[in-house]
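Have a look at the structure below before the remarks.
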Amino acid sequence: MNMDTTFLTLPNGAAAPIAELPVLPFADFRAQLIQAVTQNGLRVSSFFATPASNRPGDFELIAVLADDRAHLLRLAASRVSKSYLALSADCPAFHWFEREIAEVTGLICENHPWPKPIRFTQPTTGAAGVLPGVTDYLRIADEAAHEVAVGPVHAGVIEPGHFRFQCLGEEVIFLEISLGYQHRGIEKMLVGGPDVRSAQLIECAAGDTSIASAWCYARLQAALSPACQASPAAELWRGIALELERSANHTGDLGALAGDVAFLPTQSFCGRIRGEYLNMTAALCGNRFGRGYVLPGGLRYLADNKKIADLQTWRKRVHADLTNALDLLFDTPSVLDRFENTGVLAPADAAAVGIVGVAGRASGLNNDIRLSHPYGPYTDRPLSLCAEGAGDVLARAMVRRRELDASNQWLNEALNAGTELSADEQASALSSHHSPAGGLAPSMIAVSLQEAWRGELCHVALTDSHGRFRHYKIVDPSFHNWYGLALALRGEQISHFPICNKSFNLSYCGHDL
Amino acid sequence: MYKALKARLFQGHRTGRFPAVAPTLPDHFQGRPQLQAGPCPKDCSACEDICPTKAVKVSANGPQIDTGRCLFCGKCAAVCPRQAIAFGPEYRLAAFTREQLVAGASAAAWAPPTAGNVQCRDFCGQSLKIRQVSAGGCAACELDFNVLGTLAWDMGRFGIQVVASPRHADCILVTGPVTRNMLLALRKTHDAMPRPAWVIACGACAISGGVFTDSPETHGGLEAIFKPDLYIPGCPPHPTTILEGLLRLMGRS
Ligand code: SF4
Ligand code: SF4
């Protein structure tokens, strides 16, 4: 297959006229996508349906595949109406996407192995309403088996979701995860934008991923409007904010993992250290989650050399505390015993279903958007890839630990680079795009990928003839990974669910949107 | 054991000293709006036009901001030609009624309201058991409430504790705009609590729907479902803002 003629090829953070997107006959489209994923090693970054512009009732299926080796994205489309032969039947990586497509559009994905809603949204077709979590769960027809239902309201301070375990004694045979409780309709609200609330909606898609989301959106806007181009200095600071976001969350996760195996010292230490990273973010922009820091075209605030020096000292001190807390954790045999061989997600399964980010790297997948589709400050300042292979809780913890060290080193260099910027370069980072940066190029398709702390975040936008969003598609890393958690639980003790869950620590709101 | 003790010594004592000592807030912290009185230029509605949540309104006496809707994004301040809008360092934002959340221009020094729910104060002054329910939103409100349990804040010092069962809870702390899919679970959780079951709305979403106000998938906050006894503005509120609000509800500050 010649990738360059079959697909529209774009680098990360670029746009092309929709007219250049090849619209393939469906049989061709299906065969090409399946071949690209199962044989050529491409990954499904996004797959969605949008109403066809000229034929009411028809839909255009649009696929965005990541070609990690070529550092490029491959896009193709096909037109369908009412139903089509599911790709999932031959390629499990499309499974969740097709469940979403069926739910959102009413299209029937024939031969889909498991056609069920993923969010329990109200049907647009006017059919009877659905109730969240009310569905036919896979059950074991055996009197010895029992079922455990948990959620949507969980025991702690955590988002809602429903987990249904089928068990034989203590052993989980099968786990089904039913989400949608956090569905706020963000993608629908973005249609017709950009408007005054678009940036805030995007930052709030997943609140712990605000920087990655805002940056993803800013780069997408840059691809669609020359007024939204950001200077290298702005991109450097966005990278600094993203690595702080990653450090805060990885630290929090390692602390929570320690807590789940009742290892209180590291739990307590990391609970506090996570806050230090959030406070460093707040030092940049006033908000612990970085809300409003990344604007289209640049940044809201600049940091002077005094602030950079303070951040450097702060970072060093915090990293020493973190190292101490984590050395203790990974040096405690009772902790390692609980982490090792628990919740194994086999590399082959992870690859087949398209797991991304930390969980993917823990199962031996070598993908990290900062390296495979480098952007902004990662282009000439690469980080090292932190991959493990065992796919267990320990591997997921180790990936986080190694990434914390990598981010720390990167932050050190990036902050130093920040002090070397000239006054003009510094000033170029500032943006005054508080207003929607209207005037996007009309009739375009744009794609932007980020390595958010959980993994790949993908935004795709289609603009109409007036340069307004006709469709805005967000794929949060959790969208790819929830199914991985379900797989990791198979054959596991039910009492291991909390640490398995924490080792993935997926977002409910990022999935539900 | 020896290693754990050594690490414990290395890490030191890190619990913050709030409320005895005022919190250190970041430079660009956006607290309670400070609004200049006086008429705005004719036909100017720059702040209203840029606000993502319709939180700011231009009145005859300058802008007014409903902090229950406000995301503290600061965009209105950036576009105001009169520079009539600023967000100050005041972090004590919590209020007991919806009306108290509206900030207008005033010459008098502002102080946070003290007359909270007397019954709650008398009953829970020394011990407040909270069941948190996340009902939509972006999870940042939960995260910054959750940090109050870490050793940096240690809200247990004040008798505040998160409980798993609604049966053990004095109050429910809700985050998120209440999505259609969470309404039933939220009601069931509230029904399972012993009465009077006080209600706390934490964050712009829970108070007014926040950035999701106009979404048909949400109910636009708690107001239409249960009347809150405490409102904590912010998107998300700073942990100190949350803790200070809880202490005021308990009559402890
Ligand atoms: S700071 Fe508040 S009032 Fe001002 S624009 Fe933002 S949300 Fe609206
Ligand atoms: S108020 Fe803001 S921070 Fe809180 S849940 Fe809503 S969007 Fe998130």
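The values are calculated or read from the model by the stated rules, or taken from the named source; none is laboratory data. Just so you know, these numbers come straight off a predicted model, no measurement behind them. With ideal geometry, Cβ positions are generated from the backbone for all residues, glycine too; neighbour counts draw on all protein chains shown. Quick note on the areas: whole protein, heavy atoms, side chains included, nothing else; ligands and nucleic acids left out. Shrake-Rupley method; radii C 1.70, N 1.55, O 1.52, S 1.80 Å.
Worth pointing out:
- Table column - 3J(HN,Hα) (Hz), the range B:194-208, Karplus curve with 6.51, -1.76, 1.60, x for Gly and Pro: x, 6, x, 6, 5, 10, 10, 9, 10, x, 4, 4, 5, 6, 9
- Under the Karplus curve 6.51 cos²θ - 1.76 cosθ + 1.60, θ = phi - 60°, whole-Hz ³J(HN,Hα) for the range A:75-87, x wherever Gly or Pro sits: 10, 8, 9, 7, 9, 9, 9, 6, 8, 7, 7, 4, 6
- Given their separation in residues at 0.36 nm each and the Cα-Cα distance between them, A:Ile173 and A:Phe330 gain 53.5 nm when the chain is fully extended.
- Surface composition of the range A:3-110: carbon and sulfur make up 54 percent of the accessible area, probe 1.4 Å.
- Adding -39500 (n - 2.57) for every DSSP H run of four residues or longer, then dividing by how many residues chain A holds, sets the calculated 222 nm ellipticity at -13000 deg cm²/dmol.
- Annotation for A:Lys188 and B:Ala115: the two label points, set 7 Å from Cα along the Cα-Cβ direction, are 4.3 nm apart.
- Structural descriptor for chain B: relative contact order 21 percent, calculated from alpha carbon pairs under 8 angstrom and at least 6 residues apart.
- Calculated FRET efficiency for the pair B:Lys6/B:Ala224, C-beta based, R₀ 41 Å, to 0.05: 0.15
- For chain A, taking a cut-off of 4.7 Å between Cβ atoms, the unpaired cysteines are A:Cys91, A:Cys109, A:Cys167, A:Cys216, A:Cys228, A:Cys270, A:Cys285, A:Cys386, A:Cys458, A:Cys500, A:Cys509.
- Applying 0.36 nm per residue to the separation of A:Thr379 and A:Arg139 and subtracting their alpha-carbon distance, the gain on full extension is 81.5 nm.
- Nonlocal amide H pairs with A:Val344, under 5 Å, H built at 1.01 Å: none
- Between the range A:310-332 and the range A:153-226, the Cα center-to-center distance that results, in Å: 30
- When DSSP beta bridges are restricted to pairs lying wholly in the protein assembly as shown, around 75% turn out antiparallel.
- Carbon and sulfur %, accessible surface of the range A:418-509 computed with the full protein complex present, 1.4 Å: 51
- Averaged over the residues of A:286-294, the number of partner chain Cβ atoms lying within 10 Å of the residue Cβ comes to 6.
- Shown are A:Ser465, B:Ser134, whose ranking by accessible area with a 1.4 Å probe and every protein chain present, most to least, is A:Ser465, B:Ser134.
- The three principal axes of the Cα atoms in the range A:207-441 give end-to-end lengths of 55, 41, 28 Å, sorted in falling order.
- For the range B:118-249, the Kirkwood estimate of hydrodynamic radius, built from reciprocal distances between every pair of different alpha carbons, is 14.4 Å.
- Stokes-Einstein diffusion for chain B at 25 °C, viscosity 0.890 mPa s, with a Kirkwood radius from C-alpha pairs, works out to 128 µm²/s.
- Full extension of the segment from A:Met3 to A:Ala427, taken as 0.36 nm per residue of separation minus the current Cα-Cα distance, would add 148.5 nm.
- Per residue value of the accessible surface for the protein assembly as shown (all protein chains in place, 1.4 Å probe), Å²: 36
- In this rough spin-label picture, where each label sits 7 Å from Cα along the Cβ direction, the B:Lys57-B:Thr97 distance is 1.6 nm.
- Label-point gap, in nm, between A:Asn366 and B:Ala86 - each point 7 angstrom along Cα→Cβ: 5.5
- Solvent-accessible area lost in complex, 10 Å² minimum, residues of the range A:324-366 relative to chain alone, 1.4 Å: A:Asn324, A:Leu328, A:Asp331
- In the range A:164-212, burial by the other protein chains removes 50 Å² or more of accessible area from A:Tyr181, A:Arg184, A:Met189, A:Val196, A:Arg197, A:Gln200, A:Cys204, compared with the chain on its own (1.4 Å probe, ligands and nucleic acids ignored).
- Over all distinct Cα-Cα pairs of the range A:258-338, the Kirkwood formula returns a hydrodynamic radius of 14.5 Å.
- Between the range B:69-130 and the range B:1-40, the alpha-carbon center distance in angstrom: 19
- Over the range A:302-459, Cα pairs under 8 Å with separation of 6+ residues give a relative contact order of 27 percent.
- As a calculated quantity, the FRET efficiency between B:Ser106 and B:Thr24 at R0 = 22 Å, using C-beta atoms, amounts to about 0.25.
- For the range A:3-110, the spread of Cα positions along each principal axis, largest first, Å: 35, 30, 22
- For B:Val133, the residues 5 or more places off, or on other chains, whose built amide H falls under 5 Å of its own are B:Leu173, B:Val174, B:Thr175.
- Using a Förster distance of 30 Å, the FRET efficiency for A:Val150-A:Ala348 (Cβ separation, nearest 0.05): 0.60
- Coarse-grained scattering of the protein assembly as shown at q = 0.04, 0.05 Å⁻¹, given as base-10 log I(q)/I(0) from a Debye sum over alpha-carbon atoms: -0.15, -0.23
- Between the range B:142-182 and the range A:470-509, the alpha-carbon center distance in angstrom: 23
- Using a probe of 1.4 Å, the accessible surface attributed to A:Val104 totals some 80 Å² when neighbouring protein chains are kept in position.
- Calculated from backbone phi, Karplus (6.51, -1.76, 1.60) coupling profile of the range A:46-60 in Hz, x at Gly/Pro: 7, 8, 8, 10, 10, x, 5, 5, 9, 10, x, x, 8, 10, 10
- Database remark: amide H of A:Leu299 closer than 5 angstrom to the amide H of A:Leu430, A:Ser431 (H placed geometrically; neighbours at sequence offset of 5 or more, or on other chains; Pro and chain starts carry no H).
- Buried surface between chains A and B: roughly 4800 Å² of accessible area, summed over both sides, computed with a 1.4 Å probe on protein heavy atoms only.
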